[in-house]
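Peer 1: I'd like to ask some things about the structure below.
The values are calculated or read from the model by the stated rules, or taken from the named source; none is laboratory data. Fair warning: this is a prediction, and the values are worked out from it, not measured in the lab. Quick reminder, even Gly has a Cβ in these numbers, built from the backbone with ideal geometry, and neighbours come from all protein chains shown. Accessible surface areas use protein heavy atoms only, side chains included; no ligands, DNA or RNA. Shrake-Rupley method; radii C 1.70, N 1.55, O 1.52, S 1.80 Å.
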Amino acid sequence: MKRFSVPEQAAMVPLLGRWLVLSAIVGALVGVASALFLWSLDWATAVQTSHGYMLALLPFAGLLVGWVYHRVGKHVEGGNNLLLDEIHDPKKIVPKRMALLVFAGTVVTHLFGGSAGREGTAVQMGGTLADQVTHRLRLGTDDRRILLMAGISAGFASVFGTPLAGAIFGLEVLAIGRIRYDALLPCVLSAVIADQVTLGLGTHHALYAMGAVPAIGIGGLLATVAAGICFGLVGMLFADATHALSALFKRVIKYPPLRLFVGGALVAAFAFALGSRQYLGLGIPTIQAAFVHPLPPYDFAGKFGFTALTLASGFKGGEVTPLFFIGATLGNALGHVLPLPFYLLAGLGFVAVFAGAANTPIASTVMAIELFGPAVGCYAALACVVAYLFSGHTGIYRSQRVGHAKHLSWPEGIRLADIPALRRTRLAAATDSAS
């Protein structure tokens, strides 16, 4: 008697239905959370802008945030890195307090003038909410990994209005050189649903007006490669500088809340000394201006310094929007020396510095297409890939793993945080053998 064989496509129907339900739940939850978060950021930015004296209170706001985290948030201080570690090596449910603390901490950072972004908060909220779903529904380890990735995708997509880039980001950010296709469907579904829910609640995202993209030619491609190298090096420097400064704060100041007080005091002092608040907050107006007219060539360095100081001292927020600022203004500056329009270079820098710092060239390329249109695709892909290669094996997410090394034989699965020590060991061994 012949056995009845179910067609492969028919067997996929229950799987599709299952992930549709789970992704809809995660996407809806994250979409609502992101909308509330973006409204809160708009309010905080408006209040900070209209009440200049609040910047003087940044050290005390930092002291309060640091004290709260020191008392009840020690287990969630890892933020995005905690989520990446849980996906790679699942251990315990992500506490609900992560979403609440990072939400409040980021709003406070922006309310009092710190220089930070929003992606970190959205991703942490997305991961936390997704993990609560896995806990409530008692899903297995493999499903938990996938749903955590879907939560990351949903958070990124909804906060920037880029559902395709968000979906790919959740797949690409885990490991350098490797993408998990088993999570593709949930990540896409959750990202699209979260973005639609956020938009449906009346949230609006910033728009960037890029001029006409020139036809592709040898000169333009060579200029894009040169720009990509610059973008990758700056992304690497930002990640390394932030990590090094954070380590310095921890080494010099043992009491965590005091680090935020000192960091906030330095940020406020530098801003008052410069007589400008251009490098505080998200910096969206300056990013938009980078597409309209030439800017001072040092603007990228200003945002670099203020953001590194804010985040390294322990204030909450993300790195991505400041990286957009750094990249767009750096690209604008490169317009003085490279034979491409400054607005095109601003757009390439916008995504490529992020690609280098986060090791996510595919997500960054797709983001460029979603934000600036398909005509920029080839330029963006080349700039992002070159930036990714030239940023080396470092990044803003220290729990990122090496899936396939860029150009050196680092062990598969090693965390970016562990590479500096291994590099020193190899250097010492090579020095000993040479002597």
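Peer 1: Of (1) without any contact (Cβ under 8 Å) to a residue 12 or more places away in the chain; (2) buried (at least 24 other Cβ atoms within 10 Å of the Cβ); (3) of a type outside the set (S, T, Y), C187 satisfies all except one. Which?
Peer 2: (1)
Peer 1: Let me ask something additional. Of the residues that make up the stretch 308-320, is at least one on the phi > 0 side of the Ramachandran plot, within 19 Å of the chain's Cα centre (by Cα) and part of a loop (DSSP other than H, G, I, E, B)?
Peer 2: Within the stretch 308-320 (the criterion being on the phi > 0 side of the Ramachandran plot, within 19 Å of the chain's Cα centre (by Cα) and part of a loop (DSSP other than H, G, I, E, B)), the answer is yes, since at least one residue qualifies.
Peer 1: Of the residues G235, G220, G155, which single one is crowded, with 16+ Cβ neighbours inside 10 Å, more than 17 Å from the chain's Cα centre (by Cα) and in a helix (DSSP H, G or I)? Break it down into steps so the answer makes sense when it comes.
Peer 2: Values: G235 fails: more than 17 Å from the chain's Cα centre (by Cα); G155 fails: more than 17 Å from the chain's Cα centre (by Cα).
When all the criteria are applied, what remains is G220.
Peer 1: So how many residues does the stretch 270-279 have that are within 22 Å of T106 (Cβ to Cβ) and either open to solvent by 50 Å² or more (accessible area, probe 1.4 Å) or among the acidic types (D, E) (or both)? Full working, then the answer.
Peer 2: Taking the stretch 270-279 first, the residues within 22 Å of T106 (Cβ to Cβ) are 270-271, 277-279.
Now restrict to residues that are either open to solvent by 50 Å² or more (accessible area, probe 1.4 Å) or among the acidic types (D, E) (or both): 270, 277-278.
The total comes to 3.
Peer 1: Only one of V133, V72, V65 is farther than 25 Å from T310 by Cα and either over 21 Å from the mean Cα position of the chain (by Cα) or surrounded by fewer than 17 Cβ atoms within 10 Å (Cβ to Cβ) (or both). Can you tell me which?
Peer 2: On the way: V72 fails: farther than 25 Å from T310 by Cα; V65 fails: farther than 25 Å from T310 by Cα.
Only one candidate qualifies: V133.
Peer 1: Would it be correct to say that G377 is without any contact (Cβ under 8 Å) to a residue 24 or more places away in the chain and assigned to a helix (DSSP H, G or I)?
Peer 2: On the way: without any contact (Cβ under 8 Å) to a residue 24 or more places away in the chain: yes; assigned to a helix (DSSP H, G or I): yes.
Yes: the conditions hold for G377.
Peer 1: Any chance you could count how many residues in the stretch 158-170 are in a helix (DSSP H, G or I) and either out of contact with any helix residue (DSSP H, G or I) (no Cβ under 8 Å at 6 or more places or on another chain) or open to solvent by less than 10 Å² (accessible area, probe 1.4 Å) (or both)?
Peer 2: Of the residues in the stretch 158-170, the ones in a helix (DSSP H, G or I) are 158-160, 163-170.
Of the ones still in play, those that are also either out of contact with any helix residue (DSSP H, G or I) (no Cβ under 8 Å at 6 or more places or on another chain) or open to solvent by less than 10 Å² (accessible area, probe 1.4 Å) (or both) are 158-159, 165-167, 169-170.
Summing the residues that are in a helix (DSSP H, G or I) and either out of contact with any helix residue (DSSP H, G or I) (no Cβ under 8 Å at 6 or more places or on another chain) or open to solvent by less than 10 Å² (accessible area, probe 1.4 Å) (or both) in the stretch 158-170 gives 7.
Peer 1: Take the conditions open to solvent by 30 Å² or more (accessible area, probe 1.4 Å) and of a type outside the set (S, T, Y) and apply them to L207. Does it pass? Before the answer, list the steps.
Peer 2: On the way: open to solvent by 30 Å² or more (accessible area, probe 1.4 Å): yes; of a type outside the set (S, T, Y): yes.
For L207, the condition - open to solvent by 30 Å² or more (accessible area, probe 1.4 Å) and of a type outside the set (S, T, Y) - is met.
Peer 1: Look through E77, E119 and report the one residue that is closer than 30 Å to P257 by Cβ and either surrounded by fewer than 21 Cβ atoms within 10 Å (Cβ to Cβ) or touching an Asp or Glu at 6+ places or on another chain (Cβ under 6 Å) (or both).
Peer 2: On the way: E119 fails: either surrounded by fewer than 21 Cβ atoms within 10 Å (Cβ to Cβ) or touching an Asp or Glu at 6+ places or on another chain (Cβ under 6 Å) (or both).
It is E77.
Peer 1: So, of the residues in the stretch 171-184 that are assigned to a helix (DSSP H, G or I) and open to solvent by less than 40 Å² (accessible area, probe 1.4 Å), which turns out to be farthest from G17 (Cα to Cα)? Steps first, please.
Peer 2: Just the residues of the stretch 171-184 that are assigned to a helix (DSSP H, G or I), to begin with: 171-172, 181-184.
When the remaining residues are screened for being open to solvent by less than 40 Å² (accessible area, probe 1.4 Å), the result is 171-172, 183.
Working: L171: 21, E172: 25, A183: 15 Å.
Checked the stretch 171-184; the qualifying residue farthest from G17 (Cα to Cα) is E172.
Peer 1: Pairs, please: C-beta under 6 Å, at least 6 apart or cross-chain, first residue in contact (Cβ under 8 Å) with a residue 12 or more places away in the chain and in the stretch 393-410, second crowded, with 21+ Cβ neighbours inside 10 Å and not hydrophobic (A, V, I, L, M, F, W, C)?
Peer 2: G395/N359; I396/E319; Y397/N80
Peer 1: Looking at the stretch 1-101, what helices (runs of 4 or more DSSP H) fall wholly within it and have at least 3 residues that are over 30 Å from A273 (Cβ atoms)? Lay out the reasoning, then the answer.
Peer 2: Numbers: elements: 8-50, 58-72, 80-88.
By residue number, 8-50, 80-88.
Peer 1: In the stretch 7-22, is there at least one residue being over 26 Å from S313 (Cα atoms), open to solvent by less than 20 Å² (accessible area, probe 1.4 Å) and of a type outside the set (D, E, K, R)?
Peer 2: As a first pass, look at the stretch 7-22 and keep what is over 26 Å from S313 (Cα atoms): 7-22.
From what's left, open to solvent by less than 20 Å² (accessible area, probe 1.4 Å): 19, 22.
Then keep just the ones that are of a type outside the set (D, E, K, R); that gives 19, 22.
Yes, that holds for at least one residue.
Peer 1: Could I ask something else about it? Going through E86, E77 one at a time, which residue ends up being more than 30 Å from F270 (Cα to Cα) and not basic (K, R)? Give the steps one after another, and end with the answer.
Peer 2: On the way: E77 fails: more than 30 Å from F270 (Cα to Cα).
Just a single option satisfies the conditions, and that option is E86.
Peer 1: Do we have any residue at all in the stretch 75-82 that's acidic (D, E) and in contact (Cβ under 8 Å) with a residue 24 or more places away in the chain? Full working, then the answer.
Peer 2: Filtering the stretch 75-82 down to residues acidic (D, E) leaves 77.
This time we only want the ones that are in contact (Cβ under 8 Å) with a residue 24 or more places away in the chain, so: none.
So far as the stretch 75-82 goes, no, none of its residues is acidic (D, E) and in contact (Cβ under 8 Å) with a residue 24 or more places away in the chain.
Peer 1: Now, a different point. Look at R145 and say whether it is open to solvent by 20 Å² or more (accessible area, probe 1.4 Å) and within 14 Å of the chain's Cα centre (by Cα). Working first, answer last.
Peer 2: Working: open to solvent by 20 Å² or more (accessible area, probe 1.4 Å): yes; within 14 Å of the chain's Cα centre (by Cα): no.
Judged against the criteria, R145 is not a match.
Peer 1: What's the number of the condition T128 fails, among (1) part of a helix (DSSP H, G or I); (2) within 13 Å of the chain's Cα centre (by Cα)?
Peer 2: Answer for T128: the failing condition is (2).
Peer 1: Now a separate question. Pick from Y388, Y397: which is of a type outside the set (A, V, I, L, M, F, W, C), assigned to a helix (DSSP H, G or I) and surrounded by 11 or more Cβ atoms within 10 Å (Cβ to Cβ)? I'd like the intermediate steps shown before the answer.
Peer 2: On the way: Y397 fails: assigned to a helix (DSSP H, G or I).
None of the others qualify; the one that does is Y388.
Peer 1: For the stretch 136-152, name all the residues that are more than 19 Å from L38 (Cα to Cα) and in a helix (DSSP H, G or I).
Peer 2: In the first step, residues of the stretch 136-152 are kept if they are more than 19 Å from L38 (Cα to Cα); the result is 136-150.
Those that are more than 19 Å from L38 (Cα to Cα) and in a helix (DSSP H, G or I): R136, L137, T141, D142, D143, R144, R145, I146, L147, L148, M149, A150.
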